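Okay, structure first, notes after.
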Amino acid sequence: PRIIYTTMWHHGRTPWYVKSGGEGGGIYKSTDAGESWKKLSGGLPNKVGKIGIDVSAANPKRLFAIVEAENGGLFRSDNAGKSWHLVNDRNILRARSWYYNHITVDPNNQEVIYVLNVQLLKSIDGGRTFDVVALPHGDTHELWINPDDSNNMINANDGGATITFDGGQSWSSIFNQPTAQFYRVIADNLEP
């Protein structure tokens with residue numbers, strides 16, 4: 001059977017406030033390709049906001065989740081989501097979590113984890129400690145790791161996309177692509 005994990009959270013953003021979290025949010029698992037879903041708990045906070053989740057390709061029973069919650073942080077499951085334990089509650093991992101909260105596990109090593117935030121954070125000890133990975137641009141949102149060579153990665157950030165072939169020691173330039181990020185667009189009412 002095809003196993004699927006997904007997350008759900010209550011979110012609202014207006015010019016005067018951001019609401020992220022509420023009842024019903026959490027991690028959900030389907031063991032029948034999405035026909036039915038079960039909410040996972042077993043050690044996760046009850047009231048949660050945005051959650052980033054990834055499954056280790058090296059060990060599919062190991063999951064990591066970066067959880068926005070009052071008592072949130074980086075959680076790990078070693079039994080395919082049946083139970084969870086808090087590995088790291090440092091705020092840097094979940095700063096502006098309603099905007100970030102992305103996590104990527106190295107497909108070849110279940111102990112190597114990347115948390116994407118303003119900075120790219122890397123752990124080589126299963127999430128207990130993290131170091132900042134230097135990048136040409138901040139605000140990291142996606143990370144692809146080559147399943148055949150973990151030294152080859154692509155990072156998508158607010159400056160574009162950068163590529164490394166040496167595990168993040170050096171990255172390609174962001175000045176070779178016409179990229180831009182728009183936060184506001186206003187239509188002309190006379191010529192919409």
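The values are calculated or read from the model by the stated rules, or taken from the named source; none is laboratory data. It should be emphasised that the depicted structure is a prediction, and the values quoted were computed from it without experimental measurement. All Cβ positions, glycine included, derive from the backbone under ideal geometry; neighbour counts span all protein chains shown. Calculation scope for accessible area: heavy atoms of the full protein, side chains included, ligands and nucleic acids excluded. Shrake-Rupley method; radii C 1.70, N 1.55, O 1.52, S 1.80 Å.
With unit charges on the beta carbons (Lys and Arg positive, Asp and Glu negative) and the dipole taken about the Cα centre of segment 66-142, which residue among G138, G73, I103 sits farthest to the positive side?
It is G73, whose Cα lies furthest towards the positive end.
Does segment 96-178 come out rounded, prolate or oblate, given a ≥ b ≥ c as the square roots of the eigenvalues of its C-alpha gyration tensor, rounded meaning a/c under 1.5 and, failing that, prolate meaning a/b above b/c?
oblate
Can you work out D for the chain in µm² s⁻¹ from Stokes-Einstein, where Rh is the Kirkwood radius over C-alpha pairs, the temperature is 20 °C and the viscosity is 1.002 mPa s?
120
So if R0 is 25 Å, what FRET efficiency would N91 and A57 give, r being the distance between their Cβ atoms, rounded to the nearest 0.05?
FRET efficiency, N91 to A57: 0.30.
At a threshold of 8 angstrom on Cα-Cα distance, excluding pairs fewer than six apart, so keeping six or more, what relative contact order does the chain reach in percent?
With pairs under 8 Å counted, the relative contact order is 11 percent.
Tally Lys and Arg at +1 and Asp and Glu at -1 over the other residues with C-beta under 13 Å from the C-beta of H85: what net charge comes out?
It works out to a net charge of +2.
What dipole magnitude, in Debye to the nearest 20, does segment 37-93 give about its Cα centre under +1 on Lys/Arg Cβ and -1 on Asp/Glu Cβ?
220
Please work out the average accessible area per residue across segment 45-170, using the 1.4 Å probe convention, and give it in Å².
For segment 45-170, the solvent-accessible area averages 44 Å² per residue.
Under unit Cβ charges (Lys, Arg +1; Asp, Glu -1), what dipole magnitude, rounded to 20 debye, does the chain have relative to its Cα centre?
760
Enumerate by residue number the GluC sites (Glu not before Pro) in segment 62-141 meeting two conditions: DSSP loop (anything except H, G, I, E, B), and at most 13 other Cβ atoms within 10 Å of the site's Cβ.
Here the sparse-neighbourhood loop sites are E70.
What distance in nm separates the simple spin-label points at W37 and Y183, each placed 7 Å from Cα in the Cβ direction?
In this crude label model, W37 to Y183 measures out at 3.1 nm.
Could you give me the ³J(HN,Hα) list for segment 166-175, computed from phi with Karplus coefficients 6.51, -1.76, 1.60 and θ = phi - 60°, whole Hz, x at Gly and Pro?
10, x, x, 5, 9, 10, 5, 6, 9, 8
Can you find, among I3, S123, P178, the residue farthest towards the positive end of the dipole of the chain? Put +1 on the C-beta of Lys and Arg, -1 on that of Asp and Glu.
Farthest along the dipole direction, towards plus: I3.
As I understand it, the dipole of the chain uses +1 on the Cβ of Lys and Arg and -1 on the Cβ of Asp and Glu, about the Cα centre. Which of V48, F165, N155 lies farthest toward its positive end?
Farthest towards the positive end: V48.
Say R0 is 25 Å: what FRET efficiency, to the nearest 0.05, do S173 and H11 get from their beta-carbon distance?
0.15
Summarise the accessible area of the chain (1.4 Å probe, protein heavy atoms) by the percent that is carbon and sulfur.
In the chain, the share of accessible area belonging to carbon and sulfur is 52 percent.
Which chymotrypsin sites (Phe, Trp or Tyr not before Pro) does segment 8-91 hold that lie in a coil by DSSP with at most 11 other beta carbons within 10 Å?
The qualifying sites are W16.
Treating only the Cβ of Lys, Arg, Asp and Glu as charged (+1, +1, -1, -1), what charge dipole size does segment 1-86 show about its Cα centre? Round to the nearest 20 debye.
Dipole magnitude for segment 1-86 comes out near 40 debye.
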